[in-house]
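Structure record follows, encoded as C-alpha cells.
Rule-based calculations on the coordinates, nothing more; no lab input. Computed from a predicted structure; not experimentally measured. Positions of Cβ are backbone-derived with ideal geometry, glycine not excepted, and every protein chain shown enters the neighbour counts.
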2 protein chains.
Amino acid sequence: MSEPSVPPRPEATRKRPGGKRGTSRLSRHSVTLESVAHVAGVSAITVSRALNHPDQVAAQTLERINQAIAQTGYVPNLLAGGLASNRSRLVAAIVPSIANLVYAETIRYFSEHIRSAGYQVLLGESGYAQDAEEQLVSAILSRRPDAVFLTGINHSADCRRRLLAARIPIVETWDFTPTPLDIVVGFSHEEVAQAVAEYLYDKGYRKFGIVSADDPRALLRYRSFKAALARRGIADVPAGIVPAVSSLQRGRHGLAILLSEGFKNGVVFCSSDTIAHGVLAEAQCRGLSVPKDLAVFGFGDQDFAAHTYPALTTVRIDRPLMGKKAADALLAKLQDRPATENVVNVGFQIIPRETA
Amino acid sequence: MSEPSVPPRPEATRKRPGGKRGTSRLSRHSVTLESVAHVAGVSAITVSRALNHPDQVAAQTLERINQAIAQTGYVPNLLAGGLASNRSRLVAAIVPSIANLVYAETIRYFSEHIRSAGYQVLLGESGYAQDAEEQLVSAILSRRPDAVFLTGINHSADCRRRLLAARIPIVETWDFTPTPLDIVVGFSHEEVAQAVAEYLYDKGYRKFGIVSADDPRALLRYRSFKAALARRGIADVPAGIVPAVSSLQRGRHGLAILLSEGFKNGVVFCSSDTIAHGVLAEAQCRGLSVPKDLAVFGFGDQDFAAHTYPALTTVRIDRPLMGKKAADALLAKLQDRPATENVVNVGFQIIPRETA
DNA sequence: ATGAAAGCGCTAACAC
DNA sequence: GTGTTAGCGCTTTCAT
C-alpha cells in the first residue's frame with residue numbers, strides 16, 4: 001500500500017471558468033444559509049438559529065424557514081459550521097480492527113449513544129501496531145473531532161502527546177489503568193486471567209494450555225494466567241500462539257499446535273470466543289469429546305458463545321455497558337456536566353456453560 | 001433512542017473571557033498555518049504549498065517549514081481546508097451493519113485503496129430499513145464528502161434525490177443493476193440463486209429448503225432460488241426465515257423451524273455462511289450427519305467457511321475485488337481519469353466443499 | 001518560487 | 001426575536 005498523497009483536483013473543479021472574483025468558486029451544493037434566508041425573507045443568522053436553537057426563533061418565522069429549507073433542498077455545511085464554532089460534532093473512534101466483532105459491537109453501542117447527542121462517529125482502524133496508530137491519530141485530529149474513543153491503553157509517546165495537545169476529552173477502553181490519558185472505561189485483563197485460573201483450578205483441572213492470538217491484551221491475559229497458576233504450583237502451561245486477528249481457522253491451528261506438543265486431558269484457555277470456536281471445531285474433527293477429553297474456555301461471550309455445540313464457557317465482557325459508559329463519560333465533559341468518574345471498571349463475569 | 005439534538009457548548013468554550021474582538025475566539029489547536037509560517041519566516045500560503053504541493057516550493061524553504069511544523073506541533077485543520085477548497089477528502093460509506101463481517105471486510109478493502117489516494121472514510125451504519133438510511137444520508141452529506149459508497153441498490157426516492165443533488169461520484173455495491181445512480185460494482189443475486197439451484201439439482205438433490213435472514217438481498221436470492229427450482233418441477237421449498245442480522249443462533253433457530261415442519265433428507269440453502277454455521281451446529285446437536293442426513297449450502301465464503309467441520313460448501317463473493325473496484329471507480333472520477341466502466345459485475349463462484 | 005487579497009459558509013458576539 | 005459585523009483557518013487567484 002503506497003503512502004497517502006494529496007489527491008489531484010477533479011477536472012470539473014479545476015477548469016471552472018474564472019469569471020470575476022468572488023464568482024469563480026462555486027461549490028457543489030450551491031444552496032447556502034444565505035439562499036434559504038433570502039427565500040424565507042430573513043437574515044442568514046436567523047436561519048442558523050432556526051436550525052441550531054429553534055427555541056430562540058418565533059414560531060411563524062420558523063415555519064417560513066422550514067418551508068424555505070424544504071423548497072431549496074438545503075443541506076447544512078458542517079465543515080463551515082465546525083470551522084466557525086470550533087466544534088465539529090465529530091467524535092473519532094479508533095479500533096484495532098473493524099473486522100473483529102467485539103470491537104465492532106462496542107463501537108455500535110457507543111455510536112448509538114453519542115449520535116443521540118448530536119455527534120457523528122469517525123471510525124479509524126489502527127491494526128495492532130503502534131506506528132499505524134500514530135498516522136491514524138494525525139489524520140483523525142486534522143478533522144478536529146470534539147472527542148476521541150480509543151481501544152486499549154498502550155499508545156506511543158508521540159500519540160499521547162498529540163492526543164493531549166488536542167485538549168479534547170479522550171476515553172480509553174478495553175483495558176484498565178488508574179492513570180488514563182483522560183478517562184478510562186474498561187476492565188483488568190490480569191483480573192480476568194486470575195479469575196479464570198481460579199475457576200478452573202477450583203473445578204479440579206490440573207492440566208492447562210493456552211491458545212492465544214498474538215495481540216497485546218491477549219498476551220497480557222496469557223502471562224497473568226500463567227502467573228496465577230504458578231502460584232498454585234503449576235509451572236507448565238503450553239501455548240499455541242497464532243497471528244493477531246482471531247479466526248476460526250487460527251483457533252483450529254492453535255489447538256493443533258498444542259496437541260502436536262503432546263497436550264492432552266486438560267483445559268484450554270482461549271484468547272477469544274472465535275479462537276475457542278475453532279478449538280471446538282478442531283476437537284470435533286479429531287474425535288475429541290468436549291469437555292471430557294478436552295475442556296475449552298473462551299473470552300468475550302460473543303453472541304454465538306451460548307449456541308456452539310457444546311455451549312462455550314467463557315468470560316462475559318459487557319460491551320453494551322462499556323459503549324454506553326464511554327459515551328456518557330465523554331458527553332459529560334462535552335456538555336460540561338459534573339464529571340462522572342474518570343476511571344470506570346465495568347468488570348467481567350464468568351459464564352459457566354458446557355465446555356469447561 | 002432520542003432524536004439527535006444540537007449539543008450544548010462545552011463550558012470551557014462558553015466562558016472564554018471576551019477580550020477585544022478577534023481575540024476572543026481561540027481554537028483548541030491554536031497552532032495555525034500562520035504560526036508555522038511565522039516561525040519559518042515565510043507566508044502562510046507557502047506553508048500550505050509545502051504541505052499540498054511540495055514540488056512547488058524550494059528545497060531549503062521546504063526544510064525550514066518542515067522544521068517549523070515539527071517544532072510547533074502543527075496539525076492541519078481539514079475543516080478549514082475543506083471549506084476553502086470545496087474538497088473534504090472524505091468518502092462516506094454506508095453499510096447495513098458494521099457488526100456483519102462481510103460488509104466490514106468490504107469496507108476494509110475499500111478503505112485501504114481509497115486511503116492510499118489521500119481520502120478518509122466516514123462510515124455510517126444504516127440498518128436494513130430505508131428510513132434510517134435517509135437520516136444517515138442527510139447527516140453524512142452535511143460533512144460534504146467527495147464521494148459516497150453505498151451498500152445495495154434500493155434507496156428511497158428521497159435518498160436518491162439527495163445523493164444526486166450532491167453531484168459527487170457514487171458507487172453502489174453488493175447488488176447489480178444496469179441503471180445505477182452513478183456506478184455499480186456488484187453481482188446479481190438472481191444469478192447466484194440460479195447457479196446454486198442448478199448445482200444442487202445436478203448433484204441429485206430433489207428436496208430443498210431455505211434458512212434465510214429477513215433482509216432484502218437475502219430474500220431476493222430466496223425468491224430466485226424458488227423460481228429456478230419451480231422451472232425444474234419442484235414447487236415446495238419450505239423456508240425458515242429469521243430476523244435480519246445473521247447469527248449462529250438464528251441459523252440454529254432457522255433449521256429448528258424447518259425440521260419442526262417435517263423437513264428431512266434434503267439440502268438447505270442458507271442466506272449467509274453464519275446462518276449455515278448455525279445450521280451445522282443445530283444438525284450436530286441433533287445428531288444429524290452432514291451431508292448424509294442434511295446437506296448445507298452457505299453464502300459469502302467467509303474466512304471460517306473452509307474450516308467448519310465439515311467444511312462448508314458455499315458461494316464465494318470476492319470482497320477484496322469488490323472493495324478495490326469500487327475504490328478504483330470512484331478514484332477515476334475524483335481524479336478525472338478516463339472513466340472506467342460504470343457497471344461492473346464482479347461475479348461469484350461456487351466453492352464445493354463437504355457439506356453439499 | 002513566493003506573496004497579497006479575497007472569500008469558502010457558517011456562527012459568536014454584540015446591538016437593537 | 002432578529003440583524004450586523006467580524007472572523008474561524010485555509011486555498012484560490014492573480015501578481016510579482
Subset of B:292/B:325; A:203/A:226; A:292/B:264 violating a 29 Å alpha-carbon distance limit: B:292/B:325; A:292/B:264
May I ask you to work out the translational diffusion coefficient for the range B:126-167 at 10 °C, viscosity 1.306 mPa s, via Stokes-Einstein with Rh from the Kirkwood sum over Cα pairs, reported in whole µm²/s? 152 µm²/s
Counting just the Cα atoms, what span does the protein assembly as shown cover along each of its three principal axes? Round to the nearest Å and put the largest first. 78, 69, 56
How many nm separate the modelled label positions at residue B:190 and residue B:30, each set 7 Å beyond the Cα in the direction of the Cβ? 6.5 nm
Please work out whether the range A:48-130 counts as rounded, prolate or oblate from its C-alpha gyration tensor, where a ≥ b ≥ c are the square roots of the eigenvalues and a/c under 1.5 means rounded, while otherwise a/b larger than b/c means prolate and anything else oblate? prolate
17 Å Cα-Cα reach of residue A:207 towards aspartates and glutamates, excluding residues that sit fewer than 8 places from it in its own chain: A:198, A:236, A:261, A:293
Aspartates and glutamates within cross-link reach of residue B:333: Cα-Cα under 13 Å, excluding same-chain residues under 8 positions apart? A:11, B:146, B:182, B:341
Can you give me the orientation-averaged projected area of the convex hull built on the Cα atoms of the range B:21-166, in nm²? 11.8 nm²
Expressed as a rounded percentage, what relative contact order does chain B have, with Cα pairs under 8 Å and six or more residues apart? 14 percent
Gyration tensor (Cα only) of the range A:223-292 to equivalent ellipsoid, semi-axes in Å sorted down, yields 20, 15, 10
Rounded if a/c is under 1.5, else prolate if a/b is larger than b/c, else oblate: which is the range B:238-356, with a ≥ b ≥ c the root eigenvalues of its Cα gyration tensor? prolate
Percentage relative contact order, the range B:245-289, counting C-alpha pairs under 8 Å, at least six apart: 57 percent
What's the center-to-center distance, using Cα atoms, between the range B:315-356 and the range B:234-306 in Å? 28 Å
Hypothetical label at residue A:260: residues of the range A:280-299 whose amide nitrogen lies under 19 Å (7 Å Cα-Cβ projection): A:280-288
What nm distances, shortest first, do you get from the label point of residue B:30 to those in the other copies when the point sits 7 angstrom along Cα to Cβ? 4.1
Given unit charges at Cβ for Lys, Arg (+) and Asp, Glu (-), the dipole magnitude of the range A:189-316 about its Cα centre in debye, nearest 20, is 340 debye
Assuming R0 = 35 Å, what is the FRET efficiency of residue B:45 and residue A:160, from their Cβ-Cβ distance, to the nearest 0.05? 0.60
Based only on Cα atoms, what Rg/Rh ratio does chain B have, Rh being taken as Kirkwood's radius? 1.12
Below 15 angstrom from the Cβ of residue B:324, what's the summed charge of the other residues (Lys, Arg +1; Asp, Glu -1)? -1
Between beta-carbons, use under 13 Å as the cut-off and find the net charge around residue A:245, counting Lys and Arg +1, Asp and Glu -1. -3
Electrostatic dipole magnitude of chain A [Cβ: Lys, Arg +1; Asp, Glu -1; Cα centre; debye, to 20]: 1060 debye
Top mean-square fluctuation among B:113, B:155, B:38, Gaussian network model of chain B, C-alpha springs under 10 Å? B:38
Inter-copy spacing of residue A:238 label points, which lie 7 Å from Cα along Cα→Cβ, given in nm from shortest upward: 4.7
Along Cα→Cβ at 7 Å, what distances in nm separate the residue A:84 label point from those on the other copies, shortest first? 1.9
Fewest first, what order do B:285, A:270 take by the number of other Cβ atoms within 10 Å? B:285, A:270
Count the DSSP beta bridges whose two residues both fall in chain A, then state the antiparallel fraction as a percent rounded to the nearest 5. 10 percent
